[in-house]
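Student: Got a structure here, written out as structure tokens. Questions coming.
Derivation of every value follows stated rules applied to the coordinates shown; laboratory data play no part. Just so it is clear, the model here is predicted, and its values are computed rather than measured. For neighbour counting, all protein chains shown are included, and Cβ atoms are generated from backbone atoms with ideal geometry for every residue, glycine included.
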Amino acid sequence: MRLTANIRQDLHLKLKIAAAHRRTTIGEMIEELIDRYVMDH
């Protein structure tokens, strides 16, 4: 499924760098963060 969101340019750059360091995609990182959030709430 596709999700579109507007985020600050600096935050997008930080996500892009973090994803590259982890050798993953921004989408996979966001899925993981959402999953953690949903499990905690």
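Student: Note down all Cβ pairs under 9 Å where the first residue falls in region 18-41 and is farther than 21 Å from Asn6 by Cβ, the second is in a helix (DSSP H, G or I) and among the aliphatic types (A, V, I, L, M), and they're at least six residues apart or on different chains.
Tutor: Cβ pairs passing all conditions: Arg22/Met29; Thr24/Ala18.
Student: Just checking, does region 3-10 include any residue being among the small types (Gly, Ala, Ser), within 12 Å of the chain's Cα centre (by Cα) and loosely packed, with under 11 Cβ neighbours inside 10 Å?
Tutor: yes
Student: Something else: Condition first: loosely packed, with under 10 Cβ neighbours inside 10 Å and not small (Gly, Ala, Ser). Can you find one or more residues in region 24-36 that meet it?
Tutor: No, the conditions are met nowhere in region 24-36.
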